[in-house]
Amino acid sequence: MSKENEKIQQEADTVLVGNYSRNPVALVKGEGCRLWDADGREYLDFLAGIAVCALGHCHPAVTQAICRQAGELVHVSNLFYTGPQKELAELLVANTFADRVFFANSGAEANEAAIKLARIASGPGRYEVISLQGSFHGRTLATVAATGQTKFHQGFEPMPDGFSHAPFGNLVALDNMITDSTCAILCEPIQGESGVRPLAQEYLQGIKKLCDKHDLLLIFDEVQTGVGRTGTFFAYEQLGVTPDIMTVAKGLGNGLPIGAMLTTKELAAALVPGTHASTFGGNPVATAAAVATLKVMLADGFLAGVRERGQYFSEQLQALVPRYPHLLSGVRGVGMIWGLVLTEAGAARGAELVKKMLDRGYLINFAGNVALRFVPPLIVTTAEIDRLVAALAEVLALD
Ligand SMILES: *Cc1c(COP(=O)(O)O)cnc(C)c1O
């Protein structure tokens with residue numbers, strides 16, 4: 001930390017709510033996988049704004065789309081149609097199971113829409129959503145109630161009614177929790193915030209079977225795993241399970257705030273005029289940015305490249321595990337979402353390892369108190385992966 005960073009930090013701390021534990025760094029510029037701080041220091045970004053900047057910082061196609069749209073029309077409200085919103089919905093419908101899209105501004109809002117749809121489409125008396133322990137679904141009151149981690153509830157009780165959390169990986173316990181009030185099961189194909197914890201394919205297929213057996217809706221929260229992050233457009237494509245409702249956000253606008261709830265024509269029919277809305281949802285600039293993002297991502301070879309470099313990344317991470325067995329216990333993830341799982345001794349140093357990486361100019365984070373998480377821009381190169389892994393080996397060797 002030096003002069004300009006320090007100044008911004010000190011001034012910001014006198015005017016911002018202190019709800020984040022921020023690094024003492026003020027970032028001012030980005031390009032591809034690189035970032036620069038206020039003192040001109042360069043960083044290699046393996047966090048991408050937490051799985052957001054999928055095409056890297058300031059991708060020219062996205063920047064151009066934002067600039068062009070900002071000069072045409074920025075906002076009109078959903079009392080009217082706009083071209084970019086229609087075009088984005090067409091792209092999502094053409095490339096997923098869904099036939100209908102509702103736009104919001106964040107992951108939490110997309111999940112709120114999913115929960116409201118599940119309730120209204122299931123009819124009176126069926127309102128309970130079962131999610132999983134260890135899950136993360138957002139910070140609004142309903143989505144925090146859906147989140148299966150009590151540390152996020154503390155101090156905000158009473159939680160809204162109609163949410164319960166099944167123990168991770170246990171289909172029998174889940175089956176036993178289903179009652180006449182249950183309307184949906186909500187889960188992430190990979191729990192990102194709790195340390196990149198994938199749900200096994202058989203487990204997800206078992207959840208789908210329970211939904212069929214009890215006539216429940218299956219909601220996938222693909223806010224983190226969606227939009228190319230796992231090497232396919234959406235994670236569900238690799239799992240042989242199709243949800244009834246899916247939520248999307250982080251990577252969708254390559255940095256512009258946007259969320260979406262995708263569903264079938266039949267279910268969407270329950271959200272008639274007046275039932276749900278968002279002032280900013282589907283805003284022309286955000287949707288134009290998302291259209292540009294998806295066009296790059298869905299072009300031939302892009303996702304195959306993500307899978308290939310993701311595989312390379314996992315091999316490099318895997319090679320570290322036997323070298324530092326006292327700190328590392330394994331690697332999990334797929335595509336370009338990886339967790340380097342720490343031993344108990346390693347986890348005690350998790351925050352410190354992240355700080356040491358930052359000191360060397362590498363942005364990563366420590367997720368769920370168990371794993372170092374790597375969610376770089378999907379365009380990250382093998383040379384950049386090599387640099388990151390070399391720095392990581394250096395930091396691990398210090399302990
Ligand atoms: C980040 C995240 C959310 C919340 O998204 P916000 O845009 O912060 O509201 C919800 N679900 C999952 C799986 C996430 O990773």
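The values are calculated or read from the model by the stated rules, or taken from the named source; none is laboratory data. Everything quoted here is computed from the prediction, not taken from an experiment. Cβ sites come from the backbone with ideal geometry, for glycine too, and all protein chains shown count toward neighbours. Only protein heavy atoms, including side chains, enter the accessible area calculation; ligands, DNA and RNA are left aside. Shrake-Rupley method; radii C 1.70, N 1.55, O 1.52, S 1.80 Å.
Below is a table of values for the structure above.
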{"quantity": "Residues within segment 86-102 that are in a helix (DSSP H, G or I) and open to solvent by 60 Å² or more (accessible area, probe 1.4 Å), tallied", "calculated": "4"}
{"quantity": "Which listed residue, of ALA89, ALA108, ALA121, ALA98, is within 16 Å of the ligand (Cβ to nearest atom) and of a type in the set (A, V, I, L, M)", "calculated": "ALA108"}
{"quantity": "Candidates SER164, SER135 - the one that is of a type in the set (Gly, Ala, Ser), within 16 Å of the ligand (Cβ to nearest atom) and either assigned by TED's automatic domain parsing to the domain that holds ASN254 or farther than 25 Å from ALA104 by Cβ (or both)", "calculated": "SER135"}
{"quantity": "Any hit, segment 385-392, residues being closer than 20 Å to ARG197 by Cβ and either touching a residue at least 24 places away in the same chain (Cβ under 8 Å) or open to solvent by less than 30 Å² (accessible area, probe 1.4 Å) (or both)", "calculated": "no"}
{"quantity": "Considering residues of segment 108-134 that are in contact with a Gly (Cβ under 6 Å, 6 or more places away or on another chain) and of a type outside the set (A, V, I, L, M, F, W, C) only, the residue nearest to ARG197 (Cα to Cα)", "calculated": "GLY134"}
{"quantity": "In segment 138-156, the residues that are away from the ligand (no atom under 14 Å from the Cβ) and open to solvent by 50 Å² or more (accessible area, probe 1.4 Å)", "calculated": "THR150, LYS151, GLN154, GLY155, PHE156"}
{"quantity": "Any hit, segment 70-85, residues being open to solvent by less than 20 Å² (accessible area, probe 1.4 Å), modelled with pLDDT of 95 or more, in contact with a strand residue (DSSP E or B) (Cβ under 9 Å, 6 or more places away or on another chain) and not assigned by TED's automatic domain parsing to the domain that holds ALA383", "calculated": "no"}
{"quantity": "Residues satisfying the stated conditions in segment 232-254, i.e. in a strand (DSSP E or B) and either more than 13 Å from the ligand (Cβ to nearest atom) or free of Cβ contacts under 8 Å to residues at least 12 places away in the same chain (or both)", "calculated": "ILE245, ASN254"}
{"quantity": "Test: LEU267 is more than 16 Å from the ligand (Cβ to nearest atom), in contact with a helix residue (DSSP H, G or I) (Cβ under 6 Å, 6 or more places away or on another chain) and not polar (S, T, N, Q)", "calculated": "yes"}
{"quantity": "Residue, nearest to the ligand (Cβ to nearest atom), within segment 197-231, restricted to residues that are of a type in the set (A, V, I, L, M, F, W, C) and under 11 Å from the mean Cα position of the chain (by Cα)", "calculated": "VAL223"}
{"quantity": "Qualifying residue in segment 308-325 (condition: free of Cβ contacts under 8 Å to residues at least 24 places away in the same chain and touching a Ser or Thr at 6+ places or on another chain (Cβ under 8 Å))", "calculated": "yes"}
{"quantity": "Check on THR287, over 20 Å from LEU303 (Cα atoms), touching a residue at least 40 places away in the same chain (Cβ under 8 Å) and not in a loop (DSSP other than H, G, I, E, B)", "calculated": "yes"}
{"quantity": "Count of residues meeting criterion [within 16 Å of the ligand (Cβ to nearest atom) and either at negative phi or crowded, with 20+ Cβ neighbours inside 10 Å (or both)] in segment 23-54", "calculated": "6"}
{"quantity": "Candidate set: segment 177-195, residues that are of a type in the set (A, V, I, L, M) and in contact with a Leu (Cβ under 9 Å, 6 or more places away or on another chain); chosen: the one farthest from LYS250 (Cα to Cα)", "calculated": "ILE178"}
{"quantity": "All positions within segment 55-69 that are hydrophobic (A, V, I, L, M, F, W, C) and either surrounded by fewer than 21 Cβ atoms within 10 Å (Cβ to Cβ) or touching a strand residue (DSSP E or B) at 6+ places or on another chain (Cβ under 8 Å) (or both)", "calculated": "LEU55, CYS58, ALA61, VAL62, ILE66, CYS67"}
{"quantity": "Of all residues in segment 263-291 being among the β-branched types (Val, Ile, Thr) and open to solvent by 50 Å² or more (accessible area, probe 1.4 Å), the one that is nearest to the chain's Cα centre (by Cα)", "calculated": "THR279"}
{"quantity": "Selection status of GLY231, surrounded by fewer than 24 Cβ atoms within 10 Å (Cβ to Cβ), closer than 20 Å to HIS59 by Cβ and touching a strand residue (DSSP E or B) at 6+ places or on another chain (Cβ under 9 Å)", "calculated": "yes"}
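A quick yes/no check of all residues on (1) in a helix (DSSP H, G or I); (2) more than 22 Å from the chain's Cα centre (by Cα); (3) at pLDDT 95 or above; (4) among the aliphatic types (A, V, I, L, M):
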site: GLY339; (1), (2), (3), (4): no, no, yes, no
site: GLY346; (1), (2), (3), (4): yes, yes, yes, no
site: ALA351; (1), (2), (3), (4): yes, no, yes, yes
site: PHE366; (1), (2), (3), (4): no, no, yes, no
site: ARG373; (1), (2), (3), (4): no, no, yes, no
site: ALA390; (1), (2), (3), (4): yes, yes, yes, yes
site: GLU394; (1), (2), (3), (4): yes, yes, yes, no
